[in-house]
Amino acid sequence: MSYAQITIVGRLGRDPEIKIVGNGKELVTASVAVGKDDKTIWYKINAWEKTGMWLKDAAKGDMVFVQGSLEIKTYEKKTGGTAIDATVNAQVVRAMTQKKEEATPFHGQQRAQVPAQFEDDILPF
């Protein structure tokens, strides 16, 4: 097992799961894909308590920023061969995808319409 600090930006591979563990603390888990084409690396994410709140409203496909300690374990697969399990114990998590209702200008207010007579005017300065 090895540990290192890591920062990743990637897309959620599934909706985050919220669990209450034995000591009553809330754990949010997710999987994040980083890379492109055939070079994708999957990370398991563990976010505790307040750190996990940033993932609660996120959904599969959303872009996220995760910073934390990387825990790498190797194990023998049942079918033979060695596999690697990469888990990030998150210290900072931010959802980077805006929800549709948040993406509207002025928090849902309509943007003022520009009268047609001013659309093609050129300002003199």
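List of remarks:
- For the stretch 36-52, the set of residues classified as within 15 Å of the chain's Cα centre (by Cα) and of a type outside the set (Lys, Arg) consists of 41, 42, 43, 45, 46, 47, 48, 51, 52, listed by residue number.
- Strands (runs of 3 or more DSSP E) within the stretch 8-103 that include 3 or more residues at negative phi and touching a residue at least 60 places away in the same chain (Cβ under 8 Å): 63-76
- Selection status of residue 94, surrounded by 13 or more Cβ atoms within 10 Å (Cβ to Cβ) and either at pLDDT below 50 or not hydroxyl-bearing (Ser, Thr, Tyr) (or both): yes
- Checking residue 59 against (1) among the small types (Gly, Ala, Ser); (2) out of contact with any Pro (no Cβ under 9 Å at 6 or more places or on another chain); (3) farther than 17 Å from residue 8 by Cβ, the condition it does not meet: (2)
Here's the yes/no breakdown for (1) farther than 26 Å from residue 6 by Cα; (2) modelled with pLDDT of 95 or more; (3) touching a helix residue (DSSP H, G or I) at 6+ places or on another chain (Cβ under 9 Å):
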{"position": "20", "(1), (2), (3)": "no, no, no"}
{"position": "25", "(1), (2), (3)": "no, no, yes"}
{"position": "51", "(1), (2), (3)": "no, no, no"}
{"position": "55", "(1), (2), (3)": "no, no, no"}
{"position": "58", "(1), (2), (3)": "no, no, no"}
{"position": "79", "(1), (2), (3)": "yes, no, no"}
{"position": "99", "(1), (2), (3)": "yes, no, no"}
{"position": "103", "(1), (2), (3)": "yes, no, no"}
{"position": "111", "(1), (2), (3)": "yes, no, yes"}
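The values are calculated or read from the model by the stated rules, or taken from the named source; none is laboratory data. Computed from a predicted model, the values in this text were never measured in an experiment. Heads up, the Cβs are rebuilt from the backbone with ideal geometry, glycines too, and the neighbour counts pull from every protein chain shown.
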